[in-house]
């Protein structure tokens, strides 16, 4: 009779220990996550962010050093207007011939100094040239077209240069970009090509991590700034 209350007490003790252990583990995970976030933001600042219309875009005013094949680490600076190179007002400058360069990472040129970009060299070749570098890493021509339609046409360029590389064909048809996120893409149909401008995060998350216990991790990383993985 006297031993019966002992079992509930032991159960309560074990439950209390488990609760303390759970809280300690949760606190440790939270501390590590915060520390990694602070370190990552400092060590690997992102120059791209998620965008509802284009999938991702540049972070205005951001910068980051990228290591190149020569061992150097030139700084990639994004201006306050959200692209590389000098800020260009929407209003035309009298006497200037405006050139707009669309492209992916080859145009963006993260591994070279701004002065060495082909758009910068082109701008220096003639005093009446005004060149806008609208390159964004990972973009296919579908995203470039949408950016031109929704933003860059307002700048009234005299000439639009579209930089094309073979992988753009695949990029245009892929609804995701590994490590970055979902994006608008093209679908080939019997009547031609249709651009799918709507996209959902959930489909991309299922594509990245099908395993349930890992899907939480990729979901957290993605929604808290997944572009860091590819920036």
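The values are calculated or read from the model by the stated rules, or taken from the named source; none is laboratory data. Please read all numbers here as calculations on a predicted model, not as lab measurements. Here the Cβ is made from the backbone with ideal geometry for all residues, glycine too, and neighbour counts use every protein chain on show.
Condition check ((1) at negative phi; (2) in contact with a strand residue (DSSP E or B) (Cβ under 8 Å, 6 or more places away or on another chain)) across all residues:
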site	(1), (2)
97	yes, yes
104	yes, no
109	no, yes
115	yes, no
119	yes, yes
122	yes, yes
127	yes, no
134	yes, yes
137	yes, yes
**Q.** Filter result (free of Cβ contacts under 8 Å to residues at least 12 places away in the same chain and more than 24 Å from the chain's Cα centre (by Cα)) within the stretch 79-122
**A.** 89, 91, 94, 121
Q) Are there any pairs with C-beta distances below 8 angstrom linking a residue in the stretch 163-186 that is on the phi > 0 side of the Ramachandran plot to a residue that is surrounded by fewer than 20 Cβ atoms within 10 Å (Cβ to Cβ) and assigned to a loop (DSSP other than H, G, I, E, B), with the two at least 6 apart or on different chains, and if so which? A) 179/230
Q: Please work out if residue 199 is surrounded by 12 or more Cβ atoms within 10 Å (Cβ to Cβ), more than 16 Å from the chain's Cα centre (by Cα) and either farther than 24 Å from residue 80 by Cβ or at pLDDT 95 or above (or both).
A: no
(Q) in a loop (DSSP other than H, G, I, E, B) and under 30 Å from residue 195 (Cα atoms): is that true of residue 82 in this structure? (A) yes
Q.
Restricting to the stretch 107-129, give me the number of residues that are farther than 16 Å from residue 47 by Cβ and surrounded by fewer than 20 Cβ atoms within 10 Å (Cβ to Cβ).
A. 13
Q: Provide a single number: the residues in the stretch 173-187 that are at pLDDT 85 or above, more than 12 Å from residue 141 (Cβ to Cβ) and surrounded by fewer than 21 Cβ atoms within 10 Å (Cβ to Cβ).
A: 3
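Every residue, every condition in (1) in a helix (DSSP H, G or I); (2) modelled with pLDDT of 95 or more; (3) more than 19 Å from residue 82 (Cβ to Cβ), yes or no:
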{"position": "110", "(1), (2), (3)": "no, no, no"}
{"position": "120", "(1), (2), (3)": "yes, yes, no"}
{"position": "135", "(1), (2), (3)": "no, yes, no"}
{"position": "147", "(1), (2), (3)": "yes, yes, no"}
{"position": "154", "(1), (2), (3)": "yes, yes, no"}
{"position": "157", "(1), (2), (3)": "no, yes, no"}
{"position": "168", "(1), (2), (3)": "yes, no, yes"}
{"position": "171", "(1), (2), (3)": "yes, no, yes"}
Q: Being surrounded by 12 or more Cβ atoms within 10 Å (Cβ to Cβ) and part of a helix (DSSP H, G or I) is the filter; apply it to the stretch 19-60 and report the residue that is modelled with the lowest pLDDT.
A: 40
